Amino acid sequence: MVMPGGGHPFVAVLVAEEHVNWPRLKAKFDLWQVRGSVSTEFSKVEIRAARWVELEPAWHHGYPQPREHEFGYLEATYDLSDHCSECGTGKVQKAPFQMKAEPKWGRRGILQLNWVFDEYFVTPDVWASVFQPHGVGCRPVLDRKHSALKTVVQLAVEEQVDIDVTGLPSQTCGSCGRVKYLPHTRGFFPRLVKNPKAAMVKTNEVFGDGASAQHAVLVSQDIAQAMTNEKVKGASFKPVAAG
């Protein structure tokens, strides 16, 4: 099959696991070595009932600078003294992120950069109306000439918390010995071990596969509702299991 204009088609199929034909389809997909992913759809009631939700990106925009083809942002942005290049863990931010130019926001108000899956960036207005009232700070974002951009700031998440990792699939790095958990895609996000003090936090636990490693970002229901009330587009919510 050839698409109009040439090239092979890319087709995505969304199938519920309770569908009567799912076992047959899965057998075919496995035979054809079709890549797939699993996710859970939550109702607005389930999301609203959760005290905490995981913030999930709905818009990835651009790449961190400089030298995006050489991953130059790592040395420019992070302290890599404890970083493991094999599993991706251990980097600590030391400097502002850099972008090529002001994001083309349109109607959206929150984004993630490609490759950086545990940091969020918002417009100054969204920060002031949604996040600042709940004690979340911000950091400047620079262009490649190190001038501060005017339409984007990074949300500053200071507190890290533990989650219940019982039953979570994990892998241990053969180089540094650190444990990393596979991306969580099915069901409620694991419960918090204790209630955070801040309204926006990251997990101490790291998620990812291969050389990708990121902390999950969680926000309180108050922030989730503020985002909903302000119609902030660019992210979605996954409820965290009750403690």
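By the count of neighbouring beta-carbon atoms within 10 Å, fewest first, Y181, Y120 end up ordered Y181, Y120. Of all the stretches in the chain, which is the longest one without any exposed loop site, taking trypsin sites (Lys or Arg not before Pro) in a DSSP loop (any state but H, G, I, E, B) with at most 11 other Cβ atoms within 10 Å? Maximal segment without exposed cleavage sites: 36-103. In summary, the convex hull built on the alpha carbon positions of the stretch 78-171 has an orientation-averaged projected area of 8.3 nm². Only DSSP H runs of four or more residues enter the estimate; each adds -39500 (n - 2.57), and after division by the residues of the chain the mean residue ellipticity at 222 nm equals -3500 deg cm²/dmol. For the stretch 126-192, relative contact order (Cα pairs under 8 Å, six or more residues apart, normalised by length) works out to 22 percent. The length gained by stretching the chain between T151 and W59 to full extension, at 0.36 nm per residue less their Cα-Cα distance, is 31.5 nm. Here's the picture: charge each Lys and Arg Cβ at +1 and each Asp and Glu Cβ at -1 in the stretch 24-140, and of F117, G137, L31 the one pushed furthest to the positive end of that dipole is L31. Straight-distance candidates among the lysines for linking to K150, with alpha-carbon spacing under 18 Å and chain neighbours fewer than 8 residues away dropped: K100, K104. Across the chain, Cα pairs under 8 Å and at least six residues apart give a relative contact order of 25 percent.
Rule-based calculations on the coordinates, nothing more; no lab input. As the structure is a computational prediction, the values presented were derived from the model and not from experiment. Reconstructed Cβ throughout: ideal geometry from the backbone, glycine too, with neighbour counts over all protein chains shown.
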